[in-house]
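S.K.: Have a look at this one before I ask anything.
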Amino acid sequence: MSIFSLDELKNLVQSPQYPCVSLYLRVERLGGETRQNPIRFKNLIREAEKRLDAMGLRPTESVNLLKPAMELDNIGFWENQNQGLVIFSSPNLFRYYCLPISFPQLAIVGKNFHIKPLLELINNDGKFYILALSQNHVKFYSGTRYKLDEIAVENMPQNLAETLLEDEFQKGVQHRIGTPRSVSYASQQPGSVHGQGSSDREKHEREILNFCYAVDTALHEILRDEKAPLILAGVDYLLPIYQKANTYPHFLETGITGNVELMKTEELNRAAWEIVSPLFQQEYEDIMAVYLQLAGEESTKITNDIKTIIPAAYYQRVDTLFVPLKQHIWGKFDLPNATVELHPEPAPEDEDMLDFAVIHTILNGGRVYTLEPEAMPSGFKVAAICRY
């Protein structure tokens, strides 16, 4: 089983091989309803078989395509579920995800995988980083609202003692070759605390600052091109010391205070989300304000016409896309003529045009926001801000 992420989404949609089967299932975890999970799963497989048959696939081809999914159906599998099950299968790929949100039952077959329901896990849940720091413990995490993954960082010091040992070693080397001994991280930085008469406390703070400089140096490569907020988790006196060493421009002044060596991953995740969620909400409100301002100006940079949005998304013109959850617009995109044909009900080989717009907006570096239908601007079924 894979853990779902934005990178995983991009891998799914970059090189699709027809036909692509997308299966979504709400999973019951408590009570007698849990016995219905395998039954509804088999019904979903049969629905996919019917759709493949309508597209002209031979029965043996359909069986081969759905076989990896059918092999999941066993007691052990159903005993280890979350709220939602998502399965993607094509001739060159099979993936499944047990996810912490519920989905309406859905089977879609087309040229691409159907990904729009998954955006609630990604685009409405911004990415952030946590640096869990203590004198005996350093861990670095990448997180969203629903998950936190530890990331290995090359050259990251594991504790304060390791940094002090390396510092003393470097001083010894410098001394033996006749160069100044004062080569610690802190001594090379403006505002460093040093001097012959330093108290034990000042000396200890200087050692911790050296430690923080080493941590920041290790993080520099991995965060060089990132814009996600970074949160420090640690005892309260570490935050102002680390701020002196930090060079990452998106480091937050508000941190998670406490002994991180005693914190569970779930606790860190919840605490971090409380800090960053207002930032992501503000980001959404800012972009919606831009849309409403452009709408008031009757700017040609915004559109609510799916027939205009589809080619704009494909040709890298969509900067921001707003789409409703649990709604579909069925049709086909004629690439040579850059035209869109819409149908009230899905015909064979039709695609959800909303999903098509989502895929190509993401692949082309745009932002996508999934909203409840009643939250869509001016009640439109789709809305976009174009780059030009």
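S.K.: Only one residue in GLY379, GLY331 is under 29 Å from GLN105 (Cα atoms), open to solvent by less than 70 Å² (accessible area, probe 1.4 Å), free of Cβ contacts under 8 Å to residues at least 40 places away in the same chain and in contact with a His (Cβ under 7 Å, 6 or more places away or on another chain). Which one?
M.R.: The match here is GLY331.
S.K.: Within the range 310-327, is even one residue in contact with a Pro (Cβ under 7 Å, 6 or more places away or on another chain), open to solvent by 10 Å² or more (accessible area, probe 1.4 Å) and closer than 24 Å to PRO19 by Cβ?
M.R.: yes
S.K.: Name the single residue that is least open to solvent (accessible area, probe 1.4 Å) among those in the range 336-367 being in contact (Cβ under 8 Å) with a residue 12 or more places away in the chain and of a type in the set (S, T, N, Q).
M.R.: Looking at residues that are in contact (Cβ under 8 Å) with a residue 12 or more places away in the chain and of a type in the set (S, T, N, Q), I get THR361.
S.K.: Go through the range 89-128 and give me each residue that's under 29 Å from PHE280 (Cα atoms) and aromatic (Phe, Trp, Tyr).
M.R.: TYR96, TYR97, PHE103, PHE113, PHE128
S.K.: On to the next question. Is the range 76-91 home to any residue that is assigned to a helix (DSSP H, G or I) and free of Cβ contacts under 8 Å to residues at least 24 places away in the same chain?
M.R.: Within the range 76-91 (the criterion being assigned to a helix (DSSP H, G or I) and free of Cβ contacts under 8 Å to residues at least 24 places away in the same chain), the answer is yes, since at least one residue qualifies.
S.K.: Mind counting the residues in the range 12-55 that are under 17 Å from PRO91 (Cβ atoms) and open to solvent by 60 Å² or more (accessible area, probe 1.4 Å)?
M.R.: Residues that pass the stated criteria total 7.
S.K.: Can I ask one more? I'm checking my understanding of the structure. Among residues of the range 93-105 that are at pLDDT 90 or above and either among the aromatic types (Phe, Trp, Tyr) or open to solvent by 40 Å² or more (accessible area, probe 1.4 Å) (or both), which one is farthest from LEU148 (Cα to Cα)?
M.R.: The extreme case among them is GLN105.
S.K.: Could you check THR300 against (1) open to solvent by less than 70 Å² (accessible area, probe 1.4 Å); (2) hydroxyl-bearing (Ser, Thr, Tyr); (3) more than 27 Å from LEU148 (Cα to Cα) and say which number it fails?
M.R.: (1)
S.K.: Still on this structure: Across the range 224-244, what is the total count of residues that are in a loop (DSSP other than H, G, I, E, B) and either among the aromatic types (Phe, Trp, Tyr) or crowded, with 22+ Cβ neighbours inside 10 Å (or both)?
M.R.: 1
S.K.: Of the residues LEU65, LEU57, LEU52, which single one is in a loop (DSSP other than H, G, I, E, B), over 21 Å from VAL358 (Cβ atoms) and touching a residue at least 24 places away in the same chain (Cβ under 8 Å)?
M.R.: Working: LEU65 fails: in a loop (DSSP other than H, G, I, E, B); LEU52 fails: in a loop (DSSP other than H, G, I, E, B).
Criteria check complete, one pass: LEU57.
S.K.: Which one of GLU283, GLU261 is within 18 Å of LEU148 (Cα to Cα), in contact (Cβ under 8 Å) with a residue 60 or more places away in the chain and open to solvent by 40 Å² or more (accessible area, probe 1.4 Å)?
M.R.: The unique qualifying residue is GLU261.
S.K.: How many residues does the range 20-49 contain that are in a helix (DSSP H, G or I) and under 17 Å from PRO348 (Cα atoms)?
M.R.: Final tally of qualifying residues: 4.
S.K.: Criterion first (assigned to a helix (DSSP H, G or I), closer than 17 Å to LYS111 by Cα and either at pLDDT below 95 or out of contact with any Lys or Arg (no Cβ under 9 Å at 6 or more places or on another chain) (or both)) does ALA295 satisfy it?
M.R.: Values: assigned to a helix (DSSP H, G or I): yes; closer than 17 Å to LYS111 by Cα: no; either at pLDDT below 95 or out of contact with any Lys or Arg (no Cβ under 9 Å at 6 or more places or on another chain) (or both): yes.
Taking the combined requirement at face value, the residue does not satisfy it.
The values are calculated or read from the model by the stated rules, or taken from the named source; none is laboratory data. Note that the structure is predicted; figures quoted are calculated from it, not measured. Backbone-built Cβ (ideal geometry, glycine too); neighbour counts: all protein chains shown. Heads up: the accessible areas ignore ligands, DNA and RNA and are worked out on the full protein's heavy atoms, side chains in. Shrake-Rupley method; radii C 1.70, N 1.55, O 1.52, S 1.80 Å.
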